[in-house]
Structure formats: structure tokens, C-alpha cells
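*Asks:* Could you have a look at this structure, given as C-alpha cells, before my questions?
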Amino acid sequence: MILEAFSPGTPRIALQQLSERVDLPKVTIFRYIRTLEGLGYIHRDPASKTYNLTPRVMLLGYTALASIDLREFALPYLQELSRLTSQNINLGIIDKTDVVYIECVKSRRRLHVPNYVGSRLSIYRTSIGLALLAFLPEADLAPIIEMILKTPDARQYLGPKGQLLSEKLRKVHTDGYAVNDEQFISGSRGIAAPIFDERGEIEAAINMPVFSSEVSLNHLLSNYLPSLLDTAKRISEGRGYRKELHVDSKKSREINPRPLRRQEEISRQPKGINTS
């Protein structure tokens, strides 16, 4: 809808004009624009305050378009989780060897890593990246690992052939979630869970980064992980995923998250959402 507003006759469009063309509020348009800008498909000219498409838009496919729809669908769930845990929650997708945040719900001060829509993080350095990689088909995972290992820094952490990364991904796949306990960023730890689409394929992941000085690893896993898993499960189901239909292909153990006692309402569907 937004991309179709651009044409050879109007290659540059201001926000107000864009809002009028697609008949959506400016605040909604701005959210979409921020996502597309972060993904590199739209560029903003600070001087004229107009937007134009980039050459990268030619590569735009189903995954990128679906991520925008996913972001709008998942946002109420992320907001609910953030409100009940008082923690920042991020939604990210894979872009080559990076994780790109397509939604960020902030409830606390900024952590030691970028935490805004469009942020890019090395995929192997974050819990959300590990959660994404662990559930990729081997045919998709192999070329990504090959690209990662081209950098000396990555080989130092992951082994010359990526054997250390492979071990981590096997554990994540078995557990059903990923943990990063200050392995790469001192003072920060986090947990992440995958989100699947109706075909049972990994679509995105959500994570919860915290300050190590404020939240111990044990507290993170026992008090916050169940709710994070429950949120990821409900988003996946809302996207059409049914575990019983894909259990053979996933081969990961069933996880039955126990919501926090003082946060029992997390299991309720956020207002305004209809997954029927």
C-alpha cells in the first residue's frame, strides 16, 4: 500500500501527502515508514523532509512484506508482556547475518545495545539471533553460517568451522528458547523465543534484554521466561501455527510455560485482538 504510493511521476513524497494517498492516519504511516526505512527500502531526505524508494526495494519479497503485517499483529502482545514484566521487549527478523528489530516496546531506560526499530545486531551475538538461527532449515542455515565465519572476530567466538555455534543452536532447538548471559555484552543478559508461521517455519523471534545487575539469570529464567514463551506461542498460533501439525519437523520438546503467579493475566488475549 505505502510502496504503491510512489510512482515515476512522484518519486518523492512527504509524510502528509503519503497519509492522504493511502488514507491512513499520519501516526500509522509513520510507524510503517520507520520499519521500511530500517529495512533499507525507503530513504528520508532531511532537507526536503520527503521519502523516496531505494534500489533495495527491487529485492523486496514476501518475507519483508510479511514482517510489516507481523509487526502490527504482534504489537499488542508485546505491549502486554512489557507492561506486565516492566521490561523492554523486541521483535526481530533475519536479514543476512543480522537481526533487524521491526518492533521495540520500551518500558525502561536504554540498555547497552541499540533498542529501536531498524536496529541491526550481529545475529550470533544475541539471544534473539540464536533463536532465529536454531529453527532455520539446514539449507538456509548453512550459507548464513558461512557468511558469519568470514570475519575473524566471529571465528574467534564460534570456532574455525562454527562448531561452537552449532552446539549452541542444537541446545536452543532442544530447549525451545535462547539465552545470552553476558557472553558478548558485559552487564546485559537476555532470553528469546521463536515465532512460527502457518507453515511451521521460523518467521521471527522476540526477546527480553535485562541489566545483569538487576536481574539474575535464575530470576530471568524462572520468573520471566514462562511469560515470554507463552507470548511467543500465542503470536505463533495467531499467525496460523499449530504445533501438532509440525511436531515431526521441529523435533523440539513441548514447552508448557507456567505464567507468573503475579502476572496471571498474561495468558489472556490482549484487548482488540481477534485470532479466531
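*Asks:* When the residues of the range 134-159 are narrowed to those that are more than 22 Å from the chain's Cα centre (by Cα) and not in a helix (DSSP H, G or I), which ends up nearest to Thr174 (Cα to Cα)?
*Replies:* That would be Gly159.
To keep it simple, each residue is scored yes or no on (1) modelled with pLDDT of 95 or more; (2) assigned by TED's automatic domain parsing to the domain that holds Asp153; (3) farther than 22 Å from Glu72 by Cβ.
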position	(1), (2), (3)
Ala178	yes, yes, yes
Gln183	no, yes, yes
Ser186	no, yes, yes
Ala192	yes, yes, no
Arg199	no, yes, no
Glu203	no, yes, no
Val210	no, yes, yes
Glu214	no, yes, yes
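*Asks:* Here's a follow-up. With (1) outside any helix (DSSP H, G or I); (2) farther than 27 Å from Asn218 by Cβ as the list, and Leu121 as the residue in question, which single condition is left unmet?
*Replies:* (2)
*Asks:* Also, I was wondering about something else. Of all residues being among the β-branched types (Val, Ile, Thr) and in contact with a Leu (Cβ under 9 Å, 6 or more places away or on another chain) in the range 127-175, which is nearest to Pro209 (Cα to Cα)? Just the residue, please. Write out each step before concluding.
*Replies:* As a first pass, look at the range 127-175 and keep what is among the β-branched types (Val, Ile, Thr): 128, 144-145, 148, 151, 172, 174.
Those left that are additionally in contact with a Leu (Cβ under 9 Å, 6 or more places away or on another chain): 128, 144-145, 148, 172.
Details: Ile128: 9, Ile144: 24, Ile145: 24, Ile148: 23, Val172: 17 Å.
Residue satisfying both the conditions and the ranking: Ile128.
*Asks:* Ok, one more. Kindly check whether there is at least one residue in the range 181-190 that is within 27 Å of Arg34 (Cβ to Cβ) and of a type in the set (S, T, N, Q). Even if it seems obvious, please write down each step before you answer.
*Replies:* Looking only at the range 181-190, we keep the residues that are within 27 Å of Arg34 (Cβ to Cβ), and these are 184-185, 188, 190.
When the remaining residues are screened for being of a type in the set (S, T, N, Q), the result is 188.
Scanning the range 181-190 turns up at least one residue that is within 27 Å of Arg34 (Cβ to Cβ) and of a type in the set (S, T, N, Q).
*Asks:* OK, next. Is it the case, given these coordinates, that Gly38 is among the small types (Gly, Ala, Ser) and either surrounded by fewer than 15 Cβ atoms within 10 Å (Cβ to Cβ) or at pLDDT 85 or above (or both)?
*Replies:* no
The values are calculated or read from the model by the stated rules, or taken from the named source; none is laboratory data. Because the structure is predicted, anything quoted here is derived from the model rather than measured. Glycine gets a Cβ as well: all are built from the backbone with ideal geometry, and neighbour counts include every protein chain shown.
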